[in-house]
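Asks: Before we start, here is the structure in question, set down as structure tokens.
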Amino acid sequence: MADENVYVLDSSAIFLRKVHGNAVTVPEVVEEIVDEDSRFYLSIKMEEGGLRVESSREEFVLEINEVAKRTGDIHRLSKTDLNVLAKALEIKRRGKKAVIVTDDYSIQNMASVLDIDVEAVVQKGISRVVKWVKVCRGCGRRIDSDICPVCGGEAMLKKVKPKKKV
Ligand SMILES: [Zn+2]
């Protein structure tokens, strides 16, 4: 199945070489990329066609500004951050799934208010996204004990992802 998500990057995703999938960023992020290695990485990703640079539209920037005032994040968000959020909101309004790739707490907070998904750049949030559960080796039921009460099979640990919000 194709990955339909559109990944909206802030500069940390580029500094840490985390560009993947169908990715987009805003010119303000590109301006923050000044070191030669990162610029080279950026140009390769753009040539490969995996990364586009698109300006955010003013109507969405204004809307993000209003939300940020309500949440109080307005004081912690840079102009670049606001543009990244505006781009993600625009993608969401176009009916696609936007995922902001960032470690910035205020961007993450805004994203949750706007119901936009976030992917951490440094995987410190991994315990939030992956959970371990016990399942029965015999019948595959999810169980709490080490021995399955239904078939007597042994428990094993299985990784699960939480249900996605749509
Ligand atoms: Zn069982």
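Asks: If you check every pair at least six apart or on different chains, which have Cβ atoms under 6 Å apart with a residue in the stretch 131-159 that is of a type outside the set (Asp, Glu) first and a residue that is within 8 Å of the ligand (Cβ to nearest atom) and not in a loop (DSSP other than H, G, I, E, B) second?
Replies: Filtered contacts from the stretch 131-159: 143/136; 148/136; 153/136.
Here's the yes/no breakdown for (1) out of contact with any helix residue (DSSP H, G or I) (no Cβ under 8 Å at 6 or more places or on another chain); (2) modelled with pLDDT under 90; (3) not assigned by TED's automatic domain parsing to the domain that holds residue 63:
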{"residue": "114", "(1), (2), (3)": "no, no, no"}
{"residue": "119", "(1), (2), (3)": "yes, no, no"}
{"residue": "134", "(1), (2), (3)": "yes, yes, yes"}
{"residue": "141", "(1), (2), (3)": "yes, no, yes"}
{"residue": "148", "(1), (2), (3)": "yes, no, yes"}
{"residue": "151", "(1), (2), (3)": "yes, no, yes"}
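Asks: Confirm whether residue 107 is away from the ligand (no atom under 16 Å from the Cβ) and either surrounded by fewer than 18 Cβ atoms within 10 Å (Cβ to Cβ) or modelled with pLDDT of 90 or more (or both).
Replies: For residue 107, the condition - away from the ligand (no atom under 16 Å from the Cβ) and either surrounded by fewer than 18 Cβ atoms within 10 Å (Cβ to Cβ) or modelled with pLDDT of 90 or more (or both) - is met.
Asks: Residue by residue through the stretch 1-53, note down the ones that are more than 18 Å from the chain's Cα centre (by Cα), surrounded by 13 or more Cβ atoms within 10 Å (Cβ to Cβ) and assigned to a loop (DSSP other than H, G, I, E, B).
Replies: 33 - this is the single residue of the stretch 1-53 that is more than 18 Å from the chain's Cα centre (by Cα), surrounded by 13 or more Cβ atoms within 10 Å (Cβ to Cβ) and assigned to a loop (DSSP other than H, G, I, E, B).
Asks: Applying the selection to the stretch 144-158, what residues are more than 7 Å from the ligand (Cβ to nearest atom), among the aliphatic types (A, V, I, L, M) and out of contact with any Phe, Trp or Tyr (no Cβ under 6 Å at 6 or more places or on another chain)?
Replies: Correct list: 147, 155, 156.
Asks: State all residues of the stretch 15-71 that are modelled with pLDDT under 90 and hydroxyl-bearing (Ser, Thr, Tyr); if no residue qualifies, say none.
Replies: 71
The values are calculated or read from the model by the stated rules, or taken from the named source; none is laboratory data. Owing to the predicted nature of the structure, the values given are computational and were not obtained by experimental measurement. Positions of Cβ are generated from backbone atoms using ideal geometry, with glycine treated the same way; all protein chains shown enter the neighbour counts.
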